1. Of all DSSP beta bridges located in the chain, what percent are antiparallel, nearest 5?
2. Modelled label-to-label distance, residue 247 and residue 209, 7 Å Cα→beta-carbon offset: nm?
3. Sorted by mean Cβ packing within 10 Å, highest first, what order do the peptides 64-70, 87-93, 99-105, 137-143 take?
4. Given a 10 angstrom Cα cut-off, can you work out which residue in 207, 86, 228 is the most mobile in a GNM of the chain?
5. Quickly estimate the mean residue ellipticity at 222 nm for the chain, helices only: each DSSP H run with n ≥ 4 gives -39500 (n - 2.57), and the total goes over all residues, rounded to 500.
6. Give me 52, 155 sorted ascending by neighbouring Cβ count inside 10 Å, so fewest comes first.
7. Under a 10 Å cutoff between Cα atoms, tell me which one of 85, 97, 178 has the largest fluctuation in the Gaussian network model of the chain.
8. Where a ≥ b ≥ c are the square roots of the eigenvalues of the C-alpha gyration tensor, would you call the range 1-126 rounded, which needs a/c under 1.5, or, failing that, prolate if a/b is larger than b/c, or oblate?
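Computed from the coordinates by the stated procedures, all read-outs in this text should not be read as laboratory data. Bear in mind the structure is a predicted one, so any value in this text is a computation, not a measurement. So basically every Cβ, Gly included, is an ideal-geometry build from the backbone, and we count neighbours across all protein chains shown.
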């Protein structure tokens, strides 16, 4: 049976064009069934514009589910989620809740996507607060998982311990890390440094046997590849995420400018362009698709509003891998084991 992913086709900055293109790519090479959720007439027009007026005739498993409302980036999250019951994100979440889809992908209003996922899908019984997990590229080629990157601005130490367990499962299941090294984001490696939150979290993680805790880490450690999972409150994590995105854009812009000014020969130009493309690929957020909201009963992947078709395609891939890897079952089992050990 094909894994079915519901895609909020109206959420992104350039919807539905980007979502439709990403869905077509995913249906082509991921053996996934895609439910495009949104204003039917606009989605049909976009499918035709992209050369796919009849997906079934082209043997693509793409279907449209109509939703008459859209939650925009400018709207109040609390009011929009409550009032717009036929919004594309809410209809997509109901498809997952009701078993018609196995996961949800949205590049829409992040707050609305998180609120809708918590409201419609609900949290796993053992999870106090679902968390957004971001993946950062490293010098060693592996990915560092940072959570939370925006779902919970204020956290308690027990929340961060649950984040550590969920992040470790994610690193093992999706990234293939056998025994993920876990650190707490702080202002120094020493135990005496940090806030009350980081100090108490470190104490909890030291006593949590399923977690391979290596101590405090600093911001610079995110990109070294020497730590696999980092936990932080959502405010700190979101600042790190946005700063990193801006830094990558600045570095790529500087590289492009400098290479254009200094290349002297045709051979040098070819080598420089090859190196530039290689670096760009390693730093490209679209390689990771989006940030999964870990801890909800069903899978939800939240993408950047300016996502490319490649990012949407890869978000669908991640959602499919989550479902096939039984990620939620693993999270619930391991959190239950920790609770049993402490009771």
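1. Working: 10 of 41 bridges.
Percent antiparallel among DSSP bridges in the chain is about 25.
2. 3.8
3. By packing density, highest mean first, the sequence is 87-93, 99-105, 64-70, 137-143.
4. 207
5. -14500 deg cm²/dmol
6. Details: 52 19, 155 24.
Final ranking by Cβ density, sparse to dense: 52, 155.
7. 178
8. oblate
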